[in-house]
Amino acid sequence: MVKARTWRRGKTTEDVMVDIVIVAVLAFVVVSCLYPFYLSVILSFNEGLDAQRGGIYLWVRKFTLSNYASLLKDSAWLMAFGVTVARTAIGTALTVAFTMLVSYGLSHRELMFRKAYFGFFIFAMYFSGGVIPYYILLRSLHLLNTFWVYVIPGCLSLFYILVATSFFEGIPAELGESAKLDGAGEGTIFLRIILPLSKPLMATIAIFTSVAHWNSWYETAFFTSNKALRTVAYQMITVINKTNTANMGNDAAMAAGAVSTTSLSIQLAAMVIAVLPILCVYPFFQQYFVTGLTVGAVKS
């Protein structure tokens, strides 16, 4: 017998140079993406009037918690955070639940008019009536200027239905058939067999849906006029859209009153608080995230 020999070839100068270039480019991309957020965090902990002088790049110059204190004292911001949390929690739960139920039903090949349903969903994904018909529909459903305008229209995502249906079709049919032989009904099969196998799918849908709800301002701007229904994202946009003249006048008044906060510093504090929940929740779903991104993509 001739033994196969494995040869180790050391890296050449060209390989080392390529590695250096790749690491340098990736490092530049990482710093470019993370530094703006890092700068926003340190500015949120710095006195607002002092930060206007500039020169803060790596660390806080005058540490203070007054930005966060002013934010938490503002009833408008507190109400916006409450609405956003409620919208995200309820909306995400309903979207995951309805997506699982509808997709599981569509995954059964013996379902009547199954192709017609899929054709309708695909058509609805690519074509919409526009903002005005959508507004009229919401008005006819009495959803305008209510909390449920945030939740009910997004209970069912057509894209998630297609992905989840493909995932359910990949689950061996023998699992359900063997459970039926033991006397289990469709509800028991769905709750005790299908859902436990669908954790990566549900986690992925929950991540994308919760981030979309948390960052959304569109519905607040166009479909609500009640200030009690404003979300964090919309509240931040109202601050960003203030004119420079108004900001200068406010900052001058703050300076005259010996107040260290500015509209920008409070906005940065709000941004940090708004991003913090997503950063805290994501690690718990990370184990499912990579798997969930490829669900339904590969068919055996």
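No value in this document is a laboratory result; all are computed from the given coordinates. In this text the structure is predicted, and so the values were computed from the model without any measurement. Heads up, the Cβs are rebuilt from the backbone with ideal geometry, glycines too, and the neighbour counts pull from every protein chain shown.
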- Neighbours by Cβ (under 6 Å, 6+ apart or cross-chain): first from segment 96-108, within 16 Å of residue 212 (Cβ to Cβ); second part of a loop (DSSP other than H, G, I, E, B): 98/155; 98/156
- Query: If you take the residues of segment 76-103 that are among the small types (Gly, Ala, Ser) and surrounded by 16 or more Cβ atoms within 10 Å (Cβ to Cβ), which of them is farthest from residue 226 (Cα to Cα)?
  - Reply: 103
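So, in segment 165-186, exactly how many residues are assigned to a helix (DSSP H, G or I) and of a type outside the set (S, T, N, Q)? So that I can check it myself, show each step before the final result.
In the first step, residues of segment 165-186 are kept if they are assigned to a helix (DSSP H, G or I); the result is 165-169, 173-181, 186.
In the following step, the residues that additionally are of a type outside the set (S, T, N, Q) were identified as 167-169, 173-177, 179-181, 186.
Count: 12.
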- Could you tell me which numbered condition residue 57 fails, if it satisfies all but one of (1) in contact with a Ser or Thr (Cβ under 6 Å, 6 or more places away or on another chain); (2) in a loop (DSSP other than H, G, I, E, B); (3) among the hydroxyl-bearing types (Ser, Thr, Tyr)? (1)
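Could you check segment 134-164 and list, in sequence order, the residues that are hydroxyl-bearing (Ser, Thr, Tyr) and either part of a helix (DSSP H, G or I) or surrounded by fewer than 16 Cβ atoms within 10 Å (Cβ to Cβ) (or both)? First the steps, then the outcome.
So in segment 134-164, the residues hydroxyl-bearing (Ser, Thr, Tyr) come out as 134-135, 140, 146, 150, 157, 160.
134, 135, 140, 160 - these are the residues of segment 134-164 that are hydroxyl-bearing (Ser, Thr, Tyr) and either part of a helix (DSSP H, G or I) or surrounded by fewer than 16 Cβ atoms within 10 Å (Cβ to Cβ) (or both).
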